[in-house]
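J.: This is the structure I have questions about; it appears just below.
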Amino acid sequence: MAFPRRSRLSRRSLLAAGLAAPALIGLGRAAQAATTLKLSHQFPGGTIDEGDFRDRMCRKFAAAVKERSKGAIEVQVYPGSSLMKTNAQFSAMRKGALDMSLYPLPYAGGEVPETNIGLMPALVTSYPQAMAWKSAPVGRKLTEILLSKNIVLVSWVWQAGGVASRERPLVRPEDAKGLKVRGGSREMDLMMKAAGAATLSLPSNESYAAMQTGACDAVITSSTSLISFRLEELAKSLTSGRGRSYWFMLEPIMMSKGVFDGLTKDQRDLIMTVGAELESFGQEGAQADDTRVEQIFGKAGAKVETLDEATLGRWRDIARDSAWKDYAAKSSSCAEMLKLAEAVA
């Protein structure tokens, strides 16, 4: 008995679908298993062994995650703001448009005022004090705030900073008068204004151009950025952050909470474990650059100076009356953050 043409086509279609099903299922499993995360940052790119330690930290993170997940997660690193502009990265993570970033936390202060605690002048003055934040109440509070804004703090990175000046040194508060200074955060700018400086706000990767054109007389940024952005080519003076500094910035690896929550529990645990393990690499890299920056600027002919405890205390007094006071007045949440931070000695 012959089947009608429609029935023959239906049987043929069913047979084809049946044969294709295993392949489709296999493709589905492969697609589900392979997750690609994009990690952006503003700093110069290099290799896993050479270059800016922040880029190297991101590459080490990517390599470890790929290896331990057996290829189920691949992290692609985009240095030099090549994926998106610097200031857009925090907002993009909150919206899930960017997976991850190693990002200067106070750059997010316009959206989340509490994050300016990550570069509060003269509040953190040493690496042991900085690294103690993670397990202290101030660190737990900051983590909670970021989570509420759809950001997961994956890896804590603190960096000391110094001052590169085109002409005269910026060491003592009276040195600031009349200078155009890049401080790196609203609070740092408030301290510099209280000392008599004019300020300008720009990401550290725009510092070279600002100094080159004369728009900026002095740049305050991390030791690593002073090196990576080649400011020794323009500076006649360096105030080093080695030993003690009023400039300590929290520059963590962060992740979009929406993207993080979309991973399996094992994958989430892996991300956090690798992030924690790399924190010692970050701290060692930052401290090594505090010494290396002095060598590089000295070799280029710059006068190198450091802060003594008395001078640091004078900066702290100015910061407390200006930046700290302004920050605490923003909200009860900011006031609580500052109180918790002051408790970490």
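J.: Can you name the condition, by its number, that residue 339 falls short on among (1) more than 20 Å from the chain's Cα centre (by Cα); (2) farther than 27 Å from residue 173 by Cβ; (3) open to solvent by 60 Å² or more (accessible area, probe 1.4 Å)?
T.: Among (1) more than 20 Å from the chain's Cα centre (by Cα); (2) farther than 27 Å from residue 173 by Cβ; (3) open to solvent by 60 Å² or more (accessible area, probe 1.4 Å), residue 339 violates only (2).
J.: If residue 246 satisfies all but one of (1) more than 30 Å from residue 97 (Cβ to Cβ); (2) out of contact with any helix residue (DSSP H, G or I) (no Cβ under 7 Å at 6 or more places or on another chain), what's the number of the condition it fails?
T.: Answer for residue 246: the failing condition is (2).
J.: Quick check on my filter: what residues within the stretch 321-345 are at pLDDT 95 or above and either assigned to a loop (DSSP other than H, G, I, E, B) or of a type in the set (Lys, Arg) (or both)?
T.: The answer is 325, 329, 330, 331, 339, 343, 344.
J.: Is it the case, given these coordinates, that residue 222 is out of contact with any Pro (no Cβ under 7 Å at 6 or more places or on another chain), among the polar types (S, T, N, Q) and touching a residue at least 24 places away in the same chain (Cβ under 8 Å)?
T.: It is true that residue 222 is out of contact with any Pro (no Cβ under 7 Å at 6 or more places or on another chain), among the polar types (S, T, N, Q) and touching a residue at least 24 places away in the same chain (Cβ under 8 Å).
J.: Condition first: more than 18 Å from the chain's Cα centre (by Cα), not in a helix (DSSP H, G or I) and not hydroxyl-bearing (Ser, Thr, Tyr). Now tell me which residues in the stretch 245-264 satisfy that.
T.: Result: 262, 263.
J.: Can you find a residue that is modelled with pLDDT of 95 or more, β-branched (Val, Ile, Thr) and either in contact with a helix residue (DSSP H, G or I) (Cβ under 6 Å, 6 or more places away or on another chain) or open to solvent by 60 Å² or more (accessible area, probe 1.4 Å) (or both) anywhere in the stretch 258-266?
T.: Looking through the stretch 258-266, at least one residue is modelled with pLDDT of 95 or more, β-branched (Val, Ile, Thr) and either in contact with a helix residue (DSSP H, G or I) (Cβ under 6 Å, 6 or more places away or on another chain) or open to solvent by 60 Å² or more (accessible area, probe 1.4 Å) (or both).
J.: Moving to a separate point now. Report yes if residue 259 is in contact (Cβ under 8 Å) with a residue 24 or more places away in the chain and touching a Lys or Arg at 6+ places or on another chain (Cβ under 6 Å), otherwise no.
T.: no
J.: Something else now. What do you reckon, is residue 190 more than 18 Å from the chain's Cα centre (by Cα) and at pLDDT below 95?
T.: In short, no.
J.: Next up: Among the residues of the stretch 67-92, what is the count of those that are of a type outside the set (Ser, Thr, Tyr), touching a Ser or Thr at 6+ places or on another chain (Cβ under 7 Å) and over 21 Å from residue 184 (Cα atoms)?
T.: 5
J.: Can you tell me which residue within the stretch 149-174, out of those that are touching a residue at least 24 places away in the same chain (Cβ under 8 Å) and out of contact with any strand residue (DSSP E or B) (no Cβ under 9 Å at 6 or more places or on another chain), is most open to solvent (accessible area, probe 1.4 Å)?
T.: Restricting to residues being touching a residue at least 24 places away in the same chain (Cβ under 8 Å) and out of contact with any strand residue (DSSP E or B) (no Cβ under 9 Å at 6 or more places or on another chain), the top hit is 172.
J.: Of all the residues that make up the stretch 94-142, how many are farther than 16 Å from residue 248 by Cβ, open to solvent by 20 Å² or more (accessible area, probe 1.4 Å), in a loop (DSSP other than H, G, I, E, B) and touching a helix residue (DSSP H, G or I) at 6+ places or on another chain (Cβ under 9 Å)?
T.: Matching residues across the stretch 94-142 total 5.
J.: Next question. Do any residues in the stretch 225-236 that are in contact (Cβ under 8 Å) with a residue 24 or more places away in the chain have Cβ atoms under 7 Å from those of residues that are of a type in the set (Asp, Glu), where the two are at least six apart or on different chains, and which pairs are they?
T.: Hits for this filter: 227/289; 228/52; 236/167.
J.: Tell me which residues, restricted to the stretch 193-206, are at pLDDT below 95 and open to solvent by less than 20 Å² (accessible area, probe 1.4 Å).
T.: Of everything in the stretch 193-206, those that are at pLDDT below 95 and open to solvent by less than 20 Å² (accessible area, probe 1.4 Å) turn out to be 203, 204.
J.: To continue, here is another question. When residue 31 is evaluated against the numbered criteria (1) within 31 Å of the chain's Cα centre (by Cα); (2) at pLDDT below 95; (3) open to solvent by less than 40 Å² (accessible area, probe 1.4 Å), which criterion, by number, is the only one it fails?
T.: It fails just one condition, (3).
J.: Conditions first: (1) at pLDDT 95 or above; (2) surrounded by 24 or more Cβ atoms within 10 Å (Cβ to Cβ). Residue 185 passes all but one, so which condition is the exception?
T.: Result: residue 185 passes all but (1).
J.: Please find, among 142, 146, 119, 123, the residue that is modelled with pLDDT of 95 or more, closer than 17 Å to residue 187 by Cβ and touching a strand residue (DSSP E or B) at 6+ places or on another chain (Cβ under 7 Å).
T.: Unique residue meeting the criteria: 119.
J.: Considering the stretch 85-116 alone, what residues qualify as being at pLDDT below 95 and in contact with a Leu (Cβ under 7 Å, 6 or more places away or on another chain)?
T.: Passing the criteria: only 106.
The values are calculated or read from the model by the stated rules, or taken from the named source; none is laboratory data. All values derive from a computational prediction rather than experimental measurement. Quick reminder, even Gly has a Cβ in these numbers, built from the backbone with ideal geometry, and neighbours come from all protein chains shown. Note: areas computed on protein heavy atoms with side chains; ligands, DNA, RNA excluded. Shrake-Rupley method; radii C 1.70, N 1.55, O 1.52, S 1.80 Å.
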